[in-house]
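Contents: one structure, followed by commentary.
What follows draws every value from the coordinates through simple rules; no lab data is involved. Computed from a predicted structure; not experimentally measured. Neighbour counts run over all protein chains shown; Cβ positions are idealised from the backbone, glycine included.
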Amino acid sequence: MTSPFPEAFPEETGAFPEGSRRPSPSADPAPGVFPVVLGPGDEVDPGWAEAASAEEVEKLVRAGHTVVVTPARLTGVPRGDGPDAEAAELAAASICAWLGARVFRTGRPGQVRRAVEMTESLAGRRPPALTRRGLA
């Protein structure tokens, strides 16, 4: 059985799903815009708006901005690499993705990418990577 997760993510290979595009400063968070996950030291486009809370994410998305979030800053968990810090960061990334944030800056790009993709699928903005039908 093959893994539902790709070996390389689209921004690493340059291959984005059909009909999707990388966000630009003028792009609105519309369906088909592929979320971007950046490393902690990566540069952010000056036209993107950075949010420091869920309320701010919601307000900036409504205003039509491409929103950048750093999920680790939103958690309120003391800095660390423990399971609580990781779970809080993934939860914060999922909440921000649900609210419409399109760019995520994190030290855990693989885990955040999966959480954001799952959230995008649940929100109906992206097809699921794997579907199963369960019969009981």
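What FRET efficiency comes out for residue 44 versus residue 129 if R0 is 22 angstrom and r is the Cβ-Cβ distance? Round to the nearest 0.05.
0.25
Placing +1 at every Lys and Arg Cβ and -1 at every Asp and Glu Cβ, with all other atoms neutral, what dipole size does segment 33-122 have around its Cα centre, in debye to the nearest 20?
80 debye
Work out how much length residue 53 to residue 77 would gain on full extension: take 0.36 nm times their residue separation and subtract the Cα-Cα distance, in nm to one decimal.
Roughly 7.2 nm would be gained on extension.
Within segment 69-121, which trypsin sites (Lys or Arg not before Pro) sit in a loop by DSSP and count at most 15 neighbouring Cβ atoms inside 10 Å?
Hits after loop and neighbour filter: 79.
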